[in-house]
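*Asks:* To start, I am sharing the structure in question, which I have written as structure tokens.
The values are calculated or read from the model by the stated rules, or taken from the named source; none is laboratory data. Keep in mind that what you see is a predicted model, and the values were worked out from it rather than measured. Reconstructed Cβ throughout: ideal geometry from the backbone, glycine too, with neighbour counts over all protein chains shown.
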Amino acid sequence: MTNFRLQPPAFFDAYDVDDKTAFMQEMADVVPIKHNDKVVIKSNDVLDLARKLKREAIEKEEHYNQYGLSLTLNRAIDPYDVISYKQDGIQTGVFKNLRLGKYPLESRLKLTQMTIEEAKNTLAEAIELNFTRGIRVMLIQHGLGIQSQPVPGKLKSYVNMWLPTIPHVIACHSAHSAHGGLAATYVMMKKNPHQKMINREKHAKRS
């Protein structure tokens, strides 16, 4: 570090030594300003950020909990059982086309290798997002879970339990062999209001 030494102004050369001495005495306690590039983070700021992130995580969890996605399995199904559900009012032909895999798969979601809690949150978030985007049919890949413990087919059993409790879901069925068979499930969702409006506008233009 370069030593700092305060020098009297050049105009003091025109004055006597006493004036120079008096100036130096007055300025004796002056020190140069040190440059510090370090950013000091107060502990309170860290705590506030941690609380904010925790609060956001809780709010997100509460939002998806409104679907009733429980972590308590009420009924286990066999890994080779067929998943099948439809709301009242769904036309037989529509459900048959879903079962046969005739609708375009607009979204795919892979839940295998996830914990049950991770799968629960991921499933709820994906369905919420797809509903918002106007997607009608998606494929969920949950696997058979033949080796899962302590319950074979555990994740599949949870998916079977969760789907009917989600208001956006109007039908679901185990997939055709071309799309994963019993290790995957088709999910049909209702149209959101925005999507209905878009469809009405399309039909109006055609007529």
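*Asks:* Looking at the structure I just gave you, is MET188 modelled with pLDDT of 95 or more, farther than 18 Å from PRO79 by Cα, within 26 Å of the chain's Cα centre (by Cα) and surrounded by 14 or more Cβ atoms within 10 Å (Cβ to Cβ)?
*Replies:* Spelling it out, MET188 is indeed modelled with pLDDT of 95 or more, farther than 18 Å from PRO79 by Cα, within 26 Å of the chain's Cα centre (by Cα) and surrounded by 14 or more Cβ atoms within 10 Å (Cβ to Cβ).
*Asks:* Out of all the residues in the stretch 91-100, is one or more at pLDDT 75 or above and assigned to a loop (DSSP other than H, G, I, E, B)?
*Replies:* Yes; the residues of the stretch 91-100 include at least one that is at pLDDT 75 or above and assigned to a loop (DSSP other than H, G, I, E, B).
*Asks:* Something else about it: Which number in (1) closer than 16 Å to ASN192 by Cβ; (2) touching a helix residue (DSSP H, G or I) at 6+ places or on another chain (Cβ under 7 Å); (3) in a loop (DSSP other than H, G, I, E, B) marks the one condition that MET138 misses?
*Replies:* That leaves (3) as the condition not met.
*Asks:* Check whether at least one residue in the stretch 106-114 is part of a helix (DSSP H, G or I) and either under 26 Å from GLY181 (Cβ atoms) or at pLDDT below 95 (or both), and report yes or no.
*Replies:* Checking the stretch 106-114: not a single residue is part of a helix (DSSP H, G or I) and either under 26 Å from GLY181 (Cβ atoms) or at pLDDT below 95 (or both).
*Asks:* If you don't mind, another one. Scanning the stretch 94-105 for residues that are over 15 Å from ALA184 (Cβ atoms) and not polar (S, T, N, Q), which turns out surrounded by the most Cβ atoms within 10 Å (Cβ to Cβ)?
*Replies:* Filtering first and then ranking leaves PHE95.
Listed here are the residues, each with its yes/no results for (1) surrounded by fewer than 17 Cβ atoms within 10 Å (Cβ to Cβ); (2) of a type in the set (Gly, Ala, Ser); (3) out of contact with any Lys or Arg (no Cβ under 6 Å at 6 or more places or on another chain).
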site	(1), (2), (3)
ALA119	no, yes, yes
GLU128	yes, no, yes
ARG136	no, no, yes
LEU144	no, no, yes
GLN147	yes, no, yes
GLY153	no, yes, yes
THR165	yes, no, yes
HIS194	yes, no, yes
